[in-house]
């Protein structure tokens, strides 16, 4: 892509999937607190991935009393981190190789609606922390993805970044900041009309930078 200097990635649904680990974590919190609710599945988590953590919990557990929702929101943030640290997430195919390829020519960043420490966990677990120059999440600022994306652009003095994500929320953040956008179709979001589309991470790399060696 002509003039491109950097790539801002969404995380969940774009680089990896932690739905199974989070479902286990949410069930652990329900059991520990004796809260009666059906068993949470990975599909429940996928259905709300992309929202800030508190909104995810409010949406899935909307039939519970407010005090239980508040408790679940607080405790699942911590339990998610514990379980993901223990069993990890599932990287999408060719992500590691693709990030190394892209990192040869572009500065790489992550903006996510996750809790504090989650991005750092991803970077360390997958040994890619040296590939990313900066990152920001909802847990850091309690602000929108648009705000956090703009902050990354401004504090790193980016000239022509592209945003890569999978959901309408990612597209909105890119549009609000005047950025080009690639949607990865393998993620959690529905197709977005008029977006550049990549059906795999290797296809994304090819369209941006050429084939993975």
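Within the range 131-183, track down each residue that is touching a residue at least 24 places away in the same chain (Cβ under 8 Å), under 23 Å from residue 2 (Cα atoms) and in a helix (DSSP H, G or I). Within the range 131-183, 131, 149, 150, 152, 153, 170, 171, 172, 173, 174, 176 meet the criteria.
Residues considered: 72, 64, 108. Of these, the only one that is buried (at least 16 other Cβ atoms within 10 Å of the Cβ) and part of a loop (DSSP other than H, G, I, E, B) is 64.
The set of residues in the range 24-44 that are buried (at least 18 other Cβ atoms within 10 Å of the Cβ) and either in a loop (DSSP other than H, G, I, E, B) or touching a strand residue (DSSP E or B) at 6+ places or on another chain (Cβ under 9 Å) (or both) contains only 40. In the condition set (1) modelled with pLDDT of 95 or more; (2) within 27 Å of residue 84 (Cα to Cα), residue 115 is compliant with all but (1). Mind checking whether some residue in the range 125-142 is buried (at least 17 other Cβ atoms within 10 Å of the Cβ) and more than 19 Å from the chain's Cα centre (by Cα)? Checked against the condition, which is being buried (at least 17 other Cβ atoms within 10 Å of the Cβ) and more than 19 Å from the chain's Cα centre (by Cα), the range 125-142 yields no hits at all.
Among the residues of the range 149-167, those identified as at negative phi and more than 13 Å from the chain's Cα centre (by Cα) are 150, 151, 152, 153, 154, 155, 156, 158, 159, 160, 161, 162.
Looking at the range 1-20, can you tell me whether even one residue there is farther than 28 Å from residue 99 by Cα, surrounded by fewer than 22 Cβ atoms within 10 Å (Cβ to Cβ) and outside the structural domain of residue 160 (by TED's automatic domain parsing)? Checked against the condition, which is being farther than 28 Å from residue 99 by Cα, surrounded by fewer than 22 Cβ atoms within 10 Å (Cβ to Cβ) and outside the structural domain of residue 160 (by TED's automatic domain parsing), the range 1-20 yields no hits at all. Among the numbered conditions (1) modelled with pLDDT of 95 or more; (2) assigned to a helix (DSSP H, G or I), the only one that residue 47 does not meet is (1). Being under 28 Å from residue 43 (Cα atoms), assigned to a helix (DSSP H, G or I) and without any contact (Cβ under 8 Å) to a residue 40 or more places away in the chain is the filter here; which residues of the range 184-213 pass it? Within the range 184-213, just 203 meets the criteria.
The values are calculated or read from the model by the stated rules, or taken from the named source; none is laboratory data. Source: prediction; values computed, not measured. No Cβ is skipped: glycine too gets one built from the backbone with ideal geometry, and neighbour counts run over all protein chains shown.
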